[in-house]
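Each remark here refers to the structure printed beneath this line.
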Amino acid sequence: MTSDPLLLTGELDDATERLLRTAAAFDAADVAAASLLPGWTRGHVLTHLARNADGFVNLLTAARTGDPVPMYASPAARAADIEAGAARPPAAHLDDLRRSAGRFAAAVAAMPVEAWTATVQTPRGPRVAALLVWGRLREVEVHHVDLAAGYRPADWPEAFSHRLLHEAAADLADRPAAPAMLLRFAGSGCHELGIGEPDGAPRIAGPAPELAAWLIGRSAGEVLTVTPDGPLPTPPEWI
């Protein structure tokens, strides 16, 4: 599970191409249809993905130049941009996705080696610039699922699934409201991740992508098993 941004660019390129293929198949009715995100159509998700790429360009620019460029002008401006773009025709969405992805790729290519160690301010708090490519990859893969267009967590590449699972579990482990649990999943061997006090905690087992999707609210966990037998815990909302 590499954190090297330059090594992750290949994975991001592949994920972006998969997303573009999905978007290229949409007609006007598809774009207007509901996504998996409450209150958002597929057009909202596509617009968010394009503006998210531009937001990451802003953060890369901040890391490269030292200027405090925010990811978005404001939360209100971000929401307004998504709403304004949601009802565009399919061709406009596709062109926007392609162009914004190209701008992100160009911003990555322009980064000098030393700039990757800079700290930038994201909506999730301060982050080292080296994590921005992973952040964009996560957005593309998770929101591709949110389009409800046939791309599912089981389609995520193995390396992405494992990294997302580890990240989500580590996030929950730092949150007092998270229920205690042991996550058991297969990889090169069999692995466990603990959240909270392990004594008496239920063991939740299943494929890594399904566990990750459940932890971040993209699955009800239908294929997961609980030992001892009982209901799945309820993870707090992923942020």
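Computed from the coordinates by the stated procedures, all read-outs in this text should not be read as laboratory data. These numbers were taken from a predicted model, which means no experiment stands behind them. A quick note on method: Cβ atoms are made from the backbone with ideal geometry, for glycine too, and the neighbour counts reach across all protein chains shown.
Things to note:
- Derived scalar couplings ³J(HN,Hα) [the range 122-138; Karplus, 6.51 cos²θ - 1.76 cosθ + 1.60; whole Hz; x for Gly, Pro]: 10, x, 8, x, x, 9, 6, 4, 4, 8, 5, 5, 4, x, 5, 4, 4
- Relative contact order (%) - the range 176-239, alpha-carbon pairs under 8 angstrom, separation at least six: 31 percent
- The alpha carbon gyration tensor of the range 13-90 gives principal lengths a ≥ b ≥ c with a/c of 1.5 or higher and a/b no greater than b/c, which makes the shape oblate.
- The slack in the chain from Arg21 to Arg175, taken as 0.36 nm per residue of separation less the alpha-carbon distance, amounts to 51.7 nm.
- P(r) for the range 3-58, from all Cα pairs and a bin width of 10 Å, is 20, 45, 27, 8 %, short bins first.
- Packing-based order for 130-142, 147-159, using average beta carbon neighbours within 10 Å, highest first: 130-142, 147-159
- Our estimate of slack between Asp199 and Asp13, defined as 0.36 nm per intervening residue step minus the Cα-Cα distance, is 62.7 nm.
- Distribution of pairwise C-alpha distances over the range 59-153, 10 Å bins, in %: 14, 39, 36, 11, 0
- Computed over the chain, relative contact order equals 18 percent, with contacts defined as Cα pairs under 8 Å that lie 6+ residues apart.
- Model label zone, Ala33; criterion: amide N under 16 Å from point 7 Å along Cα-to-beta-carbon; scope the range 133-156: 144-152
- Length gained on full extension, Arg152 to Ser3: 51.3 nm, using 0.36 nm per residue less the C-alpha separation.
- At most 12 other Cβ within 10 Å, DSSP loop - trypsin sites (Lys or Arg not before Pro), the range 78-108: none
- Angle between the chain longest axis and helix 42-65 axis [Cα atoms, degrees, rounded to 10]: 80 degrees
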